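A.B. asks: Shown below is the structure under consideration.
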């Protein structure tokens with residue numbers, strides 16, 4: 001893991017300016033059993049107006065990353081290091097007051113479970129209005145009008161009436177819309193959506209994803225969408241980051257990740273899911289084993305105990321830690337030589353997808 | 001933990017059951033017949049005047065037939081009644097009306113000794129591997145509980161049998177004395193499976209058995225379920241909301257909406273040629289892990305939310321959200337949807353559709 005790389009040394013696919021740059025982010029939680037390395041040296045960039053999908057299983061560190069960006073671990077025992085630069089400002093170095101001014105205004109978050117993320121004791125309107133008043137010097141009635149507009153924008157029917165209802169009076173899909181309205185009420189430049197549709201039915205999920213795409217076009221904001229569902233990232237993301245055991249194992253534009261993935265874990269994810277759009281296969285191909293402990297992760301490559309291809313690397317996967325050059329266009333954390341990876345994918349993986 | 005990987009290939013349950021064209025040539029014996037099953041939950045009377053409240057019509061008239069060794073997938077959005085249907089079949093909930101015949105015998109509303117005998121034949125695998133295992137019991141006593149309840153002494157004793165079961169589902173038999181919290185989600189689901197197959201049942205209702213698991217683990221458990229189905233000649237009712245998993249595991253699929261079966265057909269037919277507008281919308285809503293295909297696909301968006309099962313829409317319950325109703329039908333046709341309830345999908349339908357204007361979608365949905 002190279003140390004803090006300069007943010008300016010960026011030369012990749014054309015697009016907007018880099019809005020968010022994360023370098024060597026580490027988040028650790030001291031527990032009775034030992035130090036949990038939830039995020040262990042993560043680096044990525046996100047450009048203005050683009051969508052980054054972060055994919056991984058539970059415990060891979062994807063949600064911890066988003067909460068660290070939001071500064072939600074302040075005042076906890078979590079140990080955070082690295083660089084989170086938003087529009088040139090290091091968020092980790094900000095004072096609490098300055099961070100509070102930015103949180104919700106520059107960066108907003110949509111949580112997975114809208115029932116526990118919304119306060120049951122306040123009306124939906126109160127919560128949206130509050131989010132607006134924190135960042136705007138305006139009258140309550142103007143803020144209320146703004147909230148009604150936002151609820152209308154996210155497709156809540158009859159917003160002037162619904163604004164005075166409580167979260168429990170909303171259905172799951174409507175609550176998620178309300179939360180999106182709350183996140184977008186301040187026109188944030190970055191929206192982090194952490195499993196925004198996992199608790200929803202597919203038909204409602206389709207509505208919500210449609211809504212997010214539409215709003216992004218309208219407001220030009222960047223989105224980080226965190227999910228375990230490869231279908232959702234295929235629909236939403238320009239770029240995809242695959243995480244395993246607190247680290248990025250592969251990153252690339254969506255096309256590369258789906259049609260020319262290079263990391264054995266990405267292959268495993270793609271292979272293990274049943275596909276509705278392909279001929280039915282007799283038997284699923286799971287990734288063997290279980291996700292590793294974050295307290296004492298495996299030596300060398302964290303994925304090696306579950307990797308079917310560890311013998312293809314000429315270096316010992318159990319001893320040598322593979323690197324990850326975050327400044328390359330398609331970095332892969334794997335010891336198998338690149339041409340060999342491409343050959344394995346073409347000959348062994350692709351035919352079975 | 002790679003159990004569920006080593007089974008022989010080419011395992012399908014009845015080979016030659018169907019020809020290439022999908023015609024039945026050889027049929028398993030009928031194991032379960034459900035006819036016009038209804039389950040209403042009474043609501044507490046409310047308000048000042050204590051008027052009787054309308055019941056929640058969780059399951060509102062469903063019929064299907066299940067043959068031995070078959071897997072019936074039941075899909076639908078949350079609140080469509082699929083889990084209630086599964087529980088009512090197992091007599092975990094008493095049905096409001098309708099009949100359930102198991103091996104030709106009417107088992108609707110059996111109690112006491114008969115019910116206990118029935119439990120030998122019918123088991124359940126639950127969704128939540130955290131909530132469905134008693135945290136204060138060891139794995140040994142959880143998996144051994146069915147033997148104790150039924151007062152059965154398996155050959156070689158309960159402990160040996162439990163360890164055999166643990167090994168069969170891919171758990172280390174030495175972990176007999178461990179507690180549920182010492183296991184991961186996937187391993188806990190294996191414990192639930194071991195408990196369900198202990199008494200050698202014929203029918204297992206699986207209620208969202210893999211939806212709480214990560215993708216890589218989900219595939220392990222799906223493979224395990226298929227393996228033990230072959231080994232123990234099991235028949236499954238597989239309740240799930242994940243359409244890809246249901247397609248993989250099921251022989252037949254029933255799509256439910258507001259307590260009714262909208263469409264029921266063989267798996268390949270349902271996914272390849274869905275005729276009900278709801279099935280079409282459901283399939284088109286699933287995002288595919290293929291960006292190029294995703295960009296080309298036209299999604300059928302359903303508007304609004306699921307109506308309340310207390311006061312379902314008149315006529316066809318789906319008409320309030322139906323894209324065909326909204327966009328394709330004439331005024332006269334719409335009146336029929338609003339007023340007339342479509343006929344229930346019959347129990348022995350090859351491809352049953354509960355829709356007045358069933359037909360293929362305008363564009364392919366997958």
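A.B. asks: Could you give the semi-axes, largest first, of the ellipsoid that matches the protein assembly as shown, computed as the square roots of 5 times the alpha carbon gyration tensor eigenvalues and rounded to whole Å?
C.D. replies: So the three semi-axes of the protein assembly as shown are 42, 34, 25 Å.
A.B. asks: Based on the mean of other beta carbon atoms within 10 Å per residue, what is the order of B:265-272, B:103-110, most packed first?
C.D. replies: Ranked from most to least packed, the peptides come out as B:265-272, B:103-110.
A.B. asks: Any chance you could check the Cα centroid distance between segment A:78-122 and segment A:147-198 for me, in angstrom?
C.D. replies: Spelled out, the Cα-based centre of one part sits 19 Å from the other.
A.B. asks: Could you work out [θ]222 nm for chain A from helices alone, using -39500 (n - 2.57) per DSSP H run of at least four and dividing by all its residues? Round to the nearest 500 deg cm²/dmol.
C.D. replies: Computed ellipticity for chain A at 222 nm equals -8500 deg cm²/dmol.
A.B. asks: Can I ask one more? Along the Cα-to-C-beta direction of residue A:17, a point sits 7 Å from the Cα; which residues of segment A:178-200 have their amide N less than 20 Å from that point?
C.D. replies: A:187-191
A.B. asks: Still on this structure, I have one more. Simple spin-label model, 7 Å along Cα-to-Cβ: residue A:101 to residue B:174 in nm?
C.D. replies: 6.1
A.B. asks: Any idea what Rg and Dmax come out to for segment B:163-286 if you just take the C-alpha atoms, in Å?
C.D. replies: In order Rg, Dmax, the Cα atoms of segment B:163-286 give 16.4, 52 Å.
A.B. asks: Another question, if that's okay. Restricting things to Cα coordinates, could you compute the convex hull volume per residue of chain A in Å³?
C.D. replies: 149
A.B. asks: Over the residues of segment A:171-277, compute the C-alpha Rg and express it relative to 2.2 N^0.38 Å.
C.D. replies: 1.13
A.B. asks: Can you give me the three principal axis dimensions of segment B:31-156 from its C-alpha atoms, in Å, biggest first?
C.D. replies: Result for segment B:31-156: principal-axis Cα extents of 62, 38, 31 Å.
A.B. asks: Kindly state, to the nearest 0.05, the FRET efficiency for residue A:142 paired with residue B:327, given R0 = 41 Å and r defined as their beta-carbon distance.
C.D. replies: FRET efficiency, residue A:142 to residue B:327: 0.55.
A.B. asks: If you don't mind, another one. As a test of understanding, state the convex hull volume per residue of segment A:221-353 from its alpha carbons, in Å³.
C.D. replies: It comes to 121 Å³ per residue, whole-number rounded.
A.B. asks: Further question on the same structure: Would you mind checking the tilt of helix B:158-168 against the longest principal axis of the Cα atoms of chain B, expressed as 0 to 90 degrees and rounded to 10?
C.D. replies: 50
A.B. asks: Taking beta carbons within 10 Å but only from partner chains, what does the mean come to for residues A:194-207?
C.D. replies: 5
A.B. asks: If you don't mind, there's one more thing I want to ask. Which angle between 0 and 90 degrees, to the nearest 10, do you get for helix A:124-135 versus the longest principal axis of chain A when only C-alpha atoms count?
C.D. replies: In chain A, helix A:124-135 runs at an angle near 80 degrees to the longest axis.
A.B. asks: Using only DSSP helix segments of four residues or longer, with each worth -39500 (n - 2.57), what per-residue ellipticity at 222 nm results for chain B after dividing by its residue count and rounding to 500?
C.D. replies: The per-residue figure over chain B is -9000 deg cm²/dmol.
A.B. asks: Continuing with this model, one more query. What is the distance in Å between the Cα centres of segment A:294-353 and segment B:94-165?
C.D. replies: 45
A.B. asks: Between residue B:105 and residue A:279, with labels modelled 7 Å along Cα→Cβ, what's the label distance in nm to one decimal, could you check?
C.D. replies: Using points 7 Å along Cα→Cβ, the separation is 4.5 nm.
A.B. asks: Now, a different point. Relative to the longest principal Cα axis of chain B, at what angle does helix B:139-150 sit, 0 to 90 degrees, rounded to 10?
C.D. replies: Approximately 80 degrees, to the nearest ten.
A.B. asks: Please give the peptides A:84-94, A:235-245 ranked by average Cβ packing (other Cβ atoms within 10 Å per residue), highest first, as a rough proxy for protection.
C.D. replies: A:235-245, A:84-94
A.B. asks: Once the Cβ-Cβ distance between residue B:141 and residue A:72 is put in as r, and R0 is 25 Å, what FRET efficiency do you end up with, to the nearest 0.05?
C.D. replies: With a Förster radius of 25 Å, E is 0.05.
A.B. asks: Let me ask something additional. With no solvent and one point on each alpha carbon, what is the Debye value of log10 I(q)/I(0) for segment A:153-200 at q = 0.14, 0.17, 0.19, 0.20 Å⁻¹?
C.D. replies: Per q value, in the given order, log10 I(q)/I(0) is -0.36, -0.53, -0.66, -0.72.
A.B. asks: Can you tell me what share of the DSSP beta bridges in chain B is antiparallel? A percent to the nearest 5 is fine.
C.D. replies: 60
A.B. asks: Here is a further query. What is the mean number of Cβ atoms from other protein chains located within 10 Å of the Cβ atom of each residue in peptide A:227-237, rounded to a whole number?
C.D. replies: The shielding value for this peptide is 5.
A.B. asks: Using alpha-carbon positions, what is the distance between the centroids of segment B:249-296 and segment A:199-214, in Å?
C.D. replies: A separation of 17 Å, based on Cα centres.
A.B. asks: If you don't mind, there's one more thing I want to ask. Would you mind computing, in nm to one decimal, how far apart the modelled labels at residue B:134 and residue A:320 are, each placed 7 Å from Cα along Cα→Cβ?
C.D. replies: Once both label points are built, they end up 5.4 nm from each other.
A.B. asks: For chain B, what percent of Cα pairs sit more than 33 Å apart?
C.D. replies: That fraction is 34 percent.
A.B. asks: At q = 0.13, 0.20 Å⁻¹, work out log10 I(q)/I(0) for segment B:81-132 with the Debye formula, treating every Cα as an identical point scatterer and leaving solvent out; two decimals please.
C.D. replies: Cα-only, vacuum Debye calculation for segment B:81-132: -0.33, -0.75.
A.B. asks: Determine by what factor the alpha-carbon radius of gyration of segment A:21-154 differs from 2.2 N^0.38 Å, reporting the quotient.
C.D. replies: So the Cα radius of gyration is 1.20 times the expected 2.2 N^0.38 Å.
A.B. asks: Okay, next question. Could the peptides A:119-128, A:104-113, B:92-101, A:136-145 be put in order, highest first, of the mean number of other beta-carbon atoms found within 10 Å of their residues?
C.D. replies: Top of the packing list down: A:104-113, A:119-128, B:92-101, A:136-145.
A.B. asks: Enumerate the whole-percent occupancy of each 10 Å bin, from 0 to the last occupied one, for all C-alpha pair distances of segment B:274-353.
C.D. replies: 16, 40, 32, 12, 1
A.B. asks: Two-decimal Rg/Rh of segment B:94-238 from alpha-carbon positions, Kirkwood Rh?
C.D. replies: Using only Cα positions, Rg/Rh for segment B:94-238 is 0.97.
A.B. asks: Could I ask something else about it? What does the structure give for B:276-288 when I average, per residue, the other chain Cβ atoms found within 10 Å of the residue Cβ?
C.D. replies: 4
Where a number appears in this text, it was derived from the coordinates with a stated rule and is not lab data. Computed from a prediction, not measured in an experiment: that's the story for all the values here. Note that each Cβ is placed from the backbone with ideal geometry, even for glycine, and that neighbours are counted across all protein chains shown.
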